[in-house]
Amino acid sequence: MLNQNDIAVHLGLSQSAVSQLMSELGIDWRSADLSTIRLAYIARLREQAAGRLAKGDLDLTTERAGLSRAQRERVELQNAVLRGSLVDVEGVRFAVTNLAAYTRSGFELIADKLSGRLAAIATERECHAVLSTEIEQVLSDLAKGAREMKFLPAADGMTQQAESKEPT
């Protein structure tokens, strides 16, 4: 009858390594013959040498595939940035915040700019015309400022907001 020590001597392993090996291979050493054990051990060694067998948490093939996937995803993101279909959220947030501040400032300045002129205007119609003209000018300046906002490529391949101009 075969024992683990006989298997250990035949395979050149320790008795504890044979015990672990039998468990990993799913072989009952009490009922298997030495040839079956040897062939299963050799097949396992071949799989391990080819990188197809994970040993613990280390699996070279899986790690390489993960690295390739990460590199592919990074290139896809960089391409999306270059195409203009992907922008950095912080850059957009910065641009929108600046545009909102620019808008608020532009409208707040209307009262300061027109108060003296409006006080001297006698008719409602003239007052409306002056206000309408100034509001149109502010909206035109805002539209021009929004068109001139540009995103610049950052060092990491993402985007950053270009400096915005102060309201006129």
Global form of region 67-116, assessed from the alpha-carbon gyration tensor, a/c cut-off 1.5: prolate
Accessible area in the full protein assembly, largest first, 1.4 Å probe, for I121, I42: I42, I121
Where region 1-128 is the region considered: accessible area per residue in Å², 1.4 Å probe: 74 Å²
Environment charge of L11, counting only residues whose C-beta is closer than 14 Å and scoring Lys/Arg +1, Asp/Glu -1: -1
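The values are calculated or read from the model by the stated rules, or taken from the named source; none is laboratory data. Worth saying up front: this structure is predicted, and the values here are computed from it rather than measured. Every residue, glycine among them, receives a Cβ derived from its backbone with ideal geometry; neighbour counts consider all protein chains shown. Calculation scope for accessible area: heavy atoms of the full protein, side chains included, ligands and nucleic acids excluded. Shrake-Rupley method; radii C 1.70, N 1.55, O 1.52, S 1.80 Å.
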